[in-house]
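Peer 1: Next up is a structure, given as C-alpha cells.
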Amino acid sequence: MGLNVQTFQPANLQTFMPIVSLTDWNHFLTQHPNAHLLQTGEWGELKSAFGWKPVRIVNGDSGVQILFRKLPLGFTVAYIPKANLDQSLLPEVDSACKQNHAIFLKLEPDLWNDQKPETWNPRPERSRRVKLRTSPHNIQPPRTIIIDIRGTEDEILSKMKQKTRYNIRLAEKKGVTVRAWDDIESFHKMMLVTGGRDGFGIHSLEYYKRAYELLHPKGLGEILVAEYEGKPLAALFVARNGHRAYYLYGASTDEERNRMPAYLLQWEAMKWAKSQGCEEYDLWGIPDEDEATLEANFEARHDGLWGVYRFKRGFGGGLKRAAQAMDRVYNPLLYWAYLKFIGNRES
C-alpha cells in the first residue's frame, strides 16, 4: 500500500504548548472516565519505566497522551495508543513530536472499524503539511472479542457456548478455586512456562511488578489465580478503566489441565470486572481474520493467536476489529528505513 506522504512543515515551536503533569492529566481524565486503559496516567508511567517517555497535552476539553521511544542518533517514534485525536490538538502534537525528534507519529484510534473517524485529519488549511495515512500495521492486536457483562450472571453464562459453560462448572466440581494473588514472582514464572509452551514473548518480572504497583492500589488491576488444593494452576492479569475491562496477560502450568482451571479463572475475572462497574470485557487479541476464516480454521491451526482463539470464542462475545492505525510522517526517508529494518517491533 503506497503511503504518498507529503513534506512536513513544522508548527511554530513558539506556540503555547499545553503539556501537563501526571497529576493534571489524571484530573483531566476525571472528565473522561471511560478513556481507554492505554490513555491513563498509570499506563504512561508503566511505559516510562521501560523505554518510553510520556507527554500529555491538554487544551480545553481535548487531551492526549503521547509515548515517545528513543531510536539511534537522537530520533524517536511517537505513539498515541487508543485515543481519538481531536484536530484542535494537532499543532501541539506536531510541536511535541518535533521537539522530541520523532520520525513519525503512530495513532491507534479508540474506534472500531465500523465507526467513522471524524477527527483524525487536520482542517483544510493545514492539509499541506502532512496528513494521517493508513499505517501498514497496528501495534495492539487489531481484532478481539468483546463480552457484554451488563446482564445477570445467568444471562452472561447463557450467551456462552455450551462446552464453555460445562467447563466452568466442571472446574468448580473438581475443586478448583480462584482468588486474588499478589505473588508476582510466581506469576512471572508461570508466564515463562506459558510463553515457552505456546511460543510467544513475555515481559520481564520487573514489568509485571510495576504494572501491579501502578494499577492494583487504585482498583484498576487485579491478578487472579486458579488453584487446586493450594497449588497454582493458572493465573491472569485483568485491568479496567471506566466501563471497560481488559484481559491483559494469562498464564497456566502443565498440571491438572483436565480440571479446566482457565475457564473458571476467566469467568471469575468477568465477575470481578462486573463488580467494579464495568459493562464490557475485552479478551484482547485473536487472529486478524474475518469470522468465516476464523471458524473454518480454528480447530486445525495453533500458531500465534490461533492457539487462544478456540478458548476465547467459547465465552460468547462479539467479534470486533479496531480501526486501522494511522501514521503521520515527519521524515519520509527515515520512516521508510524504519519500516524496512525495524517493522512493527516498537510495541
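The values are calculated or read from the model by the stated rules, or taken from the named source; none is laboratory data. Please read these numbers as outputs of a predicted model, since none were measured by experiment. Cβ coordinates were reconstructed from backbone atoms using ideal geometry, including for glycine residues, and neighbour counts include every protein chain displayed. Keep in mind that these areas ignore ligands, DNA and RNA; they rest on the heavy atoms of the full protein, side chains included. Shrake-Rupley method; radii C 1.70, N 1.55, O 1.52, S 1.80 Å.
Peer 1: Have a look at I147, I66, V193 and report the one farthest towards the positive end of the charge dipole of the chain, computed about the Cα centre with Cβ charges (Lys/Arg +1, Asp/Glu -1).
Peer 2: Sorting the options by dipole projection puts first I66.
Peer 1: What net charge is computed for the residues neighbouring T76, neighbours being all others with C-beta under 9 Å from the C-beta of T76, Lys and Arg scored +1, Asp and Glu -1?
Peer 2: +3
Peer 1: Right, another one. Quick one: Karplus J couplings for region 78-88, per residue in order, coefficients 6.51, -1.76, 1.60, θ = phi - 60°, nearest Hz, x for Gly and Pro?
Peer 2: Once θ is set to phi - 60°, the couplings for region 78-88 become 10, 9, 10, x, 6, 9, 9, 6, 6, 4, 5 Hz.
Peer 1: Share of Cα-Cα pairs in region 141-258 beyond 17 Å, in percent?
Peer 2: 64 percent
Peer 1: Leaving out ligands, DNA and RNA, and with a 1.4 Å probe, what % of the accessible surface on the chain is carbon or sulfur?
Peer 2: The computed percentage sits at 49.
Peer 1: Expressed in whole Å with the largest first, what are the equivalent ellipsoid semi-axes of the chain derived from the C-alpha gyration tensor as the square root of 5 times each eigenvalue?
Peer 2: 38, 21, 19
Peer 1: With only Lys, Arg, Asp and Glu charged, each at its Cβ (+1 for the first two, -1 for the last two), find how big the charge dipole of the chain is about the Cα centre; round to the nearest 20 debye.
Peer 2: In debye, rounded to 20, the chain gives about 640.
Peer 1: What order, most packed first, do the peptides 58-66, 244-252, 289-297 have when packing is the mean number of other Cβ atoms within 10 Å of each residue?
Peer 2: Ranked by mean Cβ neighbours within 10 Å, highest first: 244-252, 58-66, 289-297.
Peer 1: What is the percent of Cα-Cα separations in region 141-209 that go past 16 Å?
Peer 2: 70 percent
Peer 1: Working only with C-alpha atoms, what are the Rg and Dmax values of region 217-347, expressed in angstrom?
Peer 2: My reading of the Cα-based Rg and Dmax gives 18.2, 59 Å.
Peer 1: Just flag the chymotrypsin sites (Phe, Trp or Tyr not before Pro) in region 144-240 sitting in loop per DSSP whose Cβ has no more than 14 other Cβ atoms within 10 Å.
Peer 2: Loop-located and lightly packed - F200.
Peer 1: With all protein chains present and a 1.4 Å probe, how do L105, L334 order by accessible area, largest first?
Peer 2: L334, L105
Peer 1: I want to check the label-to-label distance for I342 and E279. Put each point 7 Å from Cα in the C-beta direction and report it in nm to one decimal.
Peer 2: With each label point 7 Å from Cα toward Cβ, the separation is 3.8 nm.
Peer 1: Ranked by accessible surface with a 1.4 Å probe, highest first, in what order do E185, E108, E229 come?
Peer 2: If we order E185, E108, E229 from most to least accessible, we get E229, E185, E108.
Peer 1: Which whole-number percent of Cα pairs in region 29-107 have a distance greater than 16 Å?
Peer 2: The proportion of pairs with Cα distances above 16 Å equals 48 percent.
Peer 1: Heavy-atom accessible area per residue, the chain, 1.4 Å probe: how many Å²?
Peer 2: Accessible area per residue: 47 Å².
Peer 1: Can you give the accessible area of H188, probe radius 1.4 Å, in Å² rounded to 10?
Peer 2: 30 Å²
Peer 1: A follow-up question, please. Give me the compactness ratio for region 280-344, meaning the Cα radius of gyration over 2.2 N^0.38 Å.
Peer 2: That ratio works out to 1.52.
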